Amino acid sequence: MADLAGLQRLFAWLSPAWPVGGFAYSHGIEQAIAEGWLTGPDEVQGWIAEILRHGAGRNDAILLAHAWRGEDVAELALALSGCAERRRETAEQGASFARTASAVEEALPAVPYPVAIGMAAARAGLPLAEVLVLFLQAFASNLVTACVKSIPIGPTRGQCILAALMPLIREVAAEAQAATLDDLGGCAFRSDLAAIRHETLQPRIYRT
C-alpha cells in the first residue's frame, strides 16, 4: 500500500486541478454524440466500458505498467495512436503533465500521458496496482464528464455510471499489471471511427 504522502501526490497528478487540460479532450465522444450513438446513460456506460476493456483504456494501462518498470515505451505509445487526434491527445497531455511535474517535483521528459504517469509513479515509489486503478478511474471520469456536459445526462446519473464501471476498472487494471507488450491491441472500432471523424467535425467544443 502507498503511504499517505505518496497517495497525496498520486491524487494531485490525477486531479482536475493538475493542468493536463483533460477537460479539452473527449476521446471522440463529441463525435459519437453528434452521430446519435450516445443518447442516454445506458449507451454511455456501454461505450466507456468497451473503451476500458478493448480500447485505449486497456492499452494505456499496459503501457503505464511497463513505463513504471523502467521500459522505454514512449514511441510505442505514439505508434498505437489510431489517428492524429488520438496521437495529439496522448502527446499533449503527457507534455503538459511532464511540464508541471518538472516545475513542482523533478524533471520529467515530455512523453505520452500514460508513460509519463508510469515514470512519475515509479520515481515516487508508488505501488503499481493502486496507480493503475486510479489512472483508469480518472480516464473514465473524464469521459463521463464529457457526456454529462454534452448529452446531457446530469451529474448524479454520471456518478451512477462511474460507480457501475468501478469493478471493470479494477479488473482491467489487474489484467494490465500482468500483461506483456504482446498483449497490446484493441477492437473498439466505433470509438476509433468517432475519433477519426471528429477531425473534421464543425462546430465542435473538444480538441478530440
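The values are calculated or read from the model by the stated rules, or taken from the named source; none is laboratory data. These numbers were taken from a predicted model, which means no experiment stands behind them. No Cβ is skipped: glycine too gets one built from the backbone with ideal geometry, and neighbour counts run over all protein chains shown.
Let's see how each residue does on (1) in contact with a helix residue (DSSP H, G or I) (Cβ under 7 Å, 6 or more places away or on another chain); (2) within 26 Å of K149 (Cα to Cα); (3) among the hydroxyl-bearing types (S, T, Y):
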| position | (1), (2), (3) |
| --- | --- |
| G40 | no, yes, no |
| D60 | yes, yes, no |
| V73 | yes, no, no |
| G82 | yes, yes, no |
| A91 | yes, yes, no |
| A101 | yes, no, no |
| A110 | yes, no, no |
| A116 | yes, no, no |
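Being farther than 15 Å from G70 by Cβ and buried (at least 18 other Cβ atoms within 10 Å of the Cβ): is that true of A121 here?
Values: farther than 15 Å from G70 by Cβ: no; buried (at least 18 other Cβ atoms within 10 Å of the Cβ): yes.
Criteria not met by A121.
Which residues, counting only those in region 87-100, are over 16 Å from L193 (Cα atoms) and buried (at least 24 other Cβ atoms within 10 Å of the Cβ)? Selection gives T90, G94, F97.
If we scan region 56-65, do we find a residue that is out of contact with any Ser or Thr (no Cβ under 7 Å at 6 or more places or on another chain) and closer than 15 Å to R190 by Cα? Walk me through it before giving the result.
First pass over region 56-65, keeping only residues out of contact with any Ser or Thr (no Cβ under 7 Å at 6 or more places or on another chain): 56-65.
Remaining after also requiring closer than 15 Å to R190 by Cα: 56-57.
Yes, region 56-65 contains a residue that is out of contact with any Ser or Thr (no Cβ under 7 Å at 6 or more places or on another chain) and closer than 15 Å to R190 by Cα.
Considering region 75-86, the residues that are buried (at least 21 other Cβ atoms within 10 Å of the Cβ) and within 14 Å of P114 (Cβ to Cβ) include one that is nearest to the chain's Cα centre (by Cα), namely R86. Criterion applied to E30, E43 was being crowded, with 16+ Cβ neighbours inside 10 Å, without any contact (Cβ under 8 Å) to a residue 12 or more places away in the chain and more than 13 Å from the chain's Cα centre (by Cα), and the one residue passing it is E43.
For every residue, the table says whether it meets (1) within 21 Å of A74 (Cβ to Cβ); (2) at pLDDT 95 or above; (3) of a type in the set (D, E); (4) more than 18 Å from the chain's Cα centre (by Cα).
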site	(1), (2), (3), (4)
G125	no, no, no, yes
L132	yes, yes, no, no
F139	yes, yes, no, no
Q159	no, yes, no, no
A164	no, yes, no, no
E175	no, yes, yes, no
A188	no, no, no, no
S191	no, no, no, no
R197	no, no, no, yes
